[in-house]
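A short reminder: the numbers here are calculations on the coordinates, not readings from a lab. Computed from a predicted model, the values in this text were never measured in an experiment. Here the Cβ positions follow ideal geometry from the backbone for every residue, glycine too, while neighbour counts run over all protein chains shown.
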């Protein structure tokens, strides 16, 4: 039985966005498992609150006209909360400098209120970097900057949500098919695809009785779906980023960057070019002084 919201009667007008055939049973199982898994560590609301705080940090540093004044330290604080970025951006900054990245971030967010230009701006941002395996984190950086700076306008458009080039992501894991591995999914990775997916998931969550913070509940549900994929079928590349213990929420937290900071020391999982850990709010000079 397919998720009912996604089947439209023949006589209704055609949907404006792409049609996504999502599986109701898979979504319900994922949601029920999420609620059960989150309970020992404070419940789902605790994770939603953490995502709201993450978004407030992004908005504070990148919105409200503050982007022009963004410092490298502040950027590193943000990058620590983006899992694919924090293992690689320190080395990139060491070789290329923050000023270059700052200019590219300003271009990405220039005209942010016009979502019709989202695809063009995100493409320009990613295409400014080499198109190779070592720079795949760039797409995730751009996607998270857009989403967490303005979650009411931008859905989460990271590669783990949907990577059309290789056909993997959350979309495949909740697709309506007897065998999702063999399913042919023609959806591209445009803004409209991600917005349609987000809208459908928000509709599903409303059916489950969720009416507040839908953007962040959607993020959390998607992360838990993909965490299940990592646990069940993740390959060597994924396990290198997401190796962890038996906590059923460990990979879910990591997908969303919520495991970024050691609360006792302030050290983050973001590695600087010398291999040391970035400390939240600490300039590079202070970190180097401490190391000496």
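One table, with the values for the structure above:
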read-out: Fluctuation leader among 107, 128, 250 - the chain, Gaussian network, Cα springs under 10 angstrom; value: 128
read-out: The chain, helix-only ellipticity at 222 nm - DSSP H runs n ≥ 4, -39,500 (n - 2.57), divided by all residues, nearest 500; value: -15500 deg cm²/dmol
read-out: Angle between the chain longest axis and helix 24-38 axis [Cα atoms, degrees, rounded to 10]; value: 40
read-out: Pair residue 49, residue 179: separation of 7 Å Cα→Cβ label points (nm); value: 4.6
read-out: Span per principal axis, largest first, for the Cα atoms of the range 8-121 (Å); value: 52, 44, 27
read-out: Of 86, 66, 195, the one that fluctuates the most in a GNM where the chain has Cα springs shorter than 10 Å; value: 66
